[in-house]
Amino acid sequence: MHAIGEPSDEFIAHLVDVDPHSRMALVAVIGEARDEQFIGVARYAADADGRDCEFGVAVADAWQCRGVGTTLVRVLFEHAKGEGFRSIYGHVLADNQRMMELAEWLGLRVDPADSGRPIVRASLRLN
């Protein structure tokens, strides 16, 4: 994980150009038309071998702990399973208590962090 400044046009295109198999994104919105607001996103991207995929989820602060992330991730996992992926995984900051609780709630296996690294790997076997 790292911080980015102004995103490049190429990076933005990568985020919005989804493919139902190798790159999927699901969003949660509230409001209608001009008042519509994104409140959450869950996405995955296939590994180079195409058998596993990495996922990420983000939910606006005001909407956390309301089931938005859980719902997005469950639907994303089902989609990945339907696409034939063997497993799905994410990297989580070990001190991100909400995400660690979500991983446990969803039945993900959490591997301990390597010594000196604050990041754990949470994974789920799909097929």
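The values are calculated or read from the model by the stated rules, or taken from the named source; none is laboratory data. Treat the numbers as computed from the prediction; the structure is a model and nothing was measured. As a convention, Cβ positions derive from the backbone with ideal geometry for all residues, glycine included, and neighbour counts pool all protein chains shown. Surface areas here come from the heavy atoms of the whole protein model, side chains and all, with no ligands, DNA or RNA. Shrake-Rupley method; radii C 1.70, N 1.55, O 1.52, S 1.80 Å.
A few points about this structure:
- The strands (runs of 3 or more DSSP E) found wholly in segment 45-127 include none carrying at least 2 residues that are among the polar types (S, T, N, Q) and either without any contact (Cβ under 8 Å) to a residue 12 or more places away in the chain or closer than 16 Å to Pro20 by Cα (or both).
- Of residues in segment 2-15 being part of a loop (DSSP other than H, G, I, E, B), open to solvent by 80 Å² or more (accessible area, probe 1.4 Å) and not aliphatic (A, V, I, L, M), the one modelled with the lowest pLDDT: His2
- Qualifying residue in segment 16-23 (condition: surrounded by fewer than 10 Cβ atoms within 10 Å (Cβ to Cβ) and among the basic types (Lys, Arg)): no
- Residues satisfying the stated conditions in segment 70-127, i.e. β-branched (Val, Ile, Thr) and open to solvent by 50 Å² or more (accessible area, probe 1.4 Å): Thr71, Val75, Val110
- Boolean, Asp49 is under 22 Å from Asn127 (Cβ atoms) and of a type in the set (Asp, Glu): yes
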